[in-house]
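Notes to accompany the following structure.
The values are calculated or read from the model by the stated rules, or taken from the named source; none is laboratory data. Here the structure is a predicted model, which means the values were calculated and not measured. Glycine also receives a Cβ, built like all others from the backbone with ideal geometry; neighbour counts cover every protein chain displayed.
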Amino acid sequence: MTTYSVVDLIRAKRAGQTLNSDQIRWLIRAYTDGVVADEQMSAMAMAVFFRGLDDDELSTWTTAMIESGERMKLTGLSRPTVDKHSTGGVGDKITLPLAPLVAACGAAVPQLSGRGLGHTGGTLDKMEAIAGWRADLSRDEMVAQLNTVGAVICAAGPGLAPADKKLYALRDVTGTVESIPLIASSIMSKKIAEGTDSLVLDVKTGSGAFMKTEKDARELARRLVSLGEAAGVRTTALLTRMDVPLGYACGNGIEVAEALEVLSGGGPADVVDLTVALARQMVKAAGLDDTDPADLLTSGKAMDVWRDMVRAQGGDPDAPLPVARHAQDVITPEAGVVTGIDAMSVGVAAWRLGAGRTRKEDPVQASAGVMLRVRPGDRVVAGQPVATLLTDTPDVIPSAQEALANAFTIGADFQPRDIVIDTIGY
Ligand code: URA
């Protein structure tokens, strides 16, 4: 492979030039091997942030990230594989009811998940609130569980797209996360390397999402879908709202509890609607659309799979979830109708309470978070609690209160909107 000067490549991208396929493949290889330093890759990420990547550059960048590690083959399974990935939001516990629900419909759901960083929570942090539950599985354990139970939620091994692991950590500390091509290559390198037959993406837009505008979210969805299709993965994206947190619970253990309500046939309407909408797309992509997932939530079949899935990974589905040692209500001074609850503010408050981490190696509190007491459209009176702050470390409560200072908007009227805005692809 030709060797390039990384400084020349940074200058070229900074000037808005297109990088050729050799240059991109060398760059990703050299960065993974430590030949290109973090500070050089940071400058390149910032150049891409401002100048973008065209479709050919993005396709090569993604392929190079896949080739930085192993490509899993999920062969030997008796069921079609289908996965989902969310671009990240506040209160997003959808994977928890969704994976067992789609498995109950007959698919194999290999849900390789991450831990939370910043204001968005991570699925593994939520699952680890369950006593005994283990995130690290070998490939053989994962395949065996997909055959027996049908669903696995586990950590991606270190061999899967290692270039993304390095680059994502770097982007997180250099203000370069919110770039459409960098997000698209990050997500799709992992999902293509994982070896799923089909994929449904939940691309979020709004204050609690990386994509603040619908226009940007549509462009991200288009690029994600075209990368998936080009790699032979049947890919669809749902464009969904993330102005308001999903459901009432924003934390780790409290989100598990809310997911259990959904698996029991109840739960908040937005969480149920999004779970069912994604499940319908997933069963369609897997060619299993004679079953309506909504029926399996009410029949208890999805809950049976959840219990098997938790047990298979060492967890006790009947163990009580952790309870925070301190609880403090947030009171509204105004009367009227709740017209908005800012997702970003709630995410930051939950993070400050201990539900999230600042550095990769930090622990999280399983019981911390924000439990909303109202949803948009609810009528409130002055002095009513609109949320409860939960934590084991009460000294952080004032900073969480500060994050929520302008989170609730109270007005006269609220027009409900569907959570799913559009479907892109397939
Ligand atoms: N999720 C990812 O996996 N990567 C990103 O860049 C953003 C969200």
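The combined condition, being of a type in the set (Asp, Glu), surrounded by 22 or more Cβ atoms within 10 Å (Cβ to Cβ) and under 20 Å from Arg234 (Cα atoms), is not fulfilled by Asp197. Among the residues of the stretch 204-227, those identified as under 15 Å from the mean Cα position of the chain (by Cα) and either within 12 Å of the ligand (Cβ to nearest atom) or in a helix (DSSP H, G or I) (or both) are Lys204, Ala209, Phe210, Met211, Ala217, Leu220, Ala221, Leu224. Among the residues of the stretch 184-192, are any in contact (Cβ under 8 Å) with a residue 12 or more places away in the chain, more than 10 Å from the ligand (Cβ to nearest atom) and either in a loop (DSSP other than H, G, I, E, B) or more than 30 Å from Ala403 (Cα to Cα) (or both)? Yes: one or more hits. Gly411 fails exactly one of the following numbered conditions: (1) small (Gly, Ala, Ser); (2) within 26 Å of Gly122 (Cβ to Cβ); (3) in contact with a strand residue (DSSP E or B) (Cβ under 6 Å, 6 or more places away or on another chain). What is the number of that condition? Of (1) small (Gly, Ala, Ser); (2) within 26 Å of Gly122 (Cβ to Cβ); (3) in contact with a strand residue (DSSP E or B) (Cβ under 6 Å, 6 or more places away or on another chain), only one is false for Gly411: (2). Please work out which residue is nearest to Met344 (Cα to Cα), limiting yourself to the stretch 80-95 and to residues that are more than 10 Å from the ligand (Cβ to nearest atom) and small (Gly, Ala, Ser). Among those that are more than 10 Å from the ligand (Cβ to nearest atom) and small (Gly, Ala, Ser), it is Gly89. Only one of the numbered conditions (1) modelled with pLDDT under 95; (2) within 17 Å of Met282 (Cβ to Cβ) is violated by Phe210, and that is (2).
Okay, residues lined up against (1) touching a residue at least 40 places away in the same chain (Cβ under 8 Å); (2) away from the ligand (no atom under 16 Å from the Cβ); (3) out of contact with any Leu (no Cβ under 7 Å at 6 or more places or on another chain); (4) under 13 Å from Ala184 (Cα atoms):
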{"residue": "Asp38", "(1), (2), (3), (4)": "yes, yes, no, no"}
{"residue": "Ser42", "(1), (2), (3), (4)": "yes, no, no, no"}
{"residue": "Ala45", "(1), (2), (3), (4)": "yes, no, no, no"}
{"residue": "Phe50", "(1), (2), (3), (4)": "no, yes, yes, no"}
{"residue": "Glu57", "(1), (2), (3), (4)": "yes, yes, no, yes"}
{"residue": "Ala64", "(1), (2), (3), (4)": "yes, no, yes, no"}
{"residue": "Gly69", "(1), (2), (3), (4)": "yes, no, no, no"}
{"residue": "Thr75", "(1), (2), (3), (4)": "no, yes, yes, no"}
{"residue": "Ser78", "(1), (2), (3), (4)": "yes, yes, yes, no"}
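The condition (being under 30 Å from Gly266 (Cβ atoms) and either of a type in the set (A, V, I, L, M, F, W, C) or under 23 Å from the mean Cα position of the chain (by Cα) (or both)) is satisfied by just one residue among Ile94, Ile10, Ile28: Ile94.
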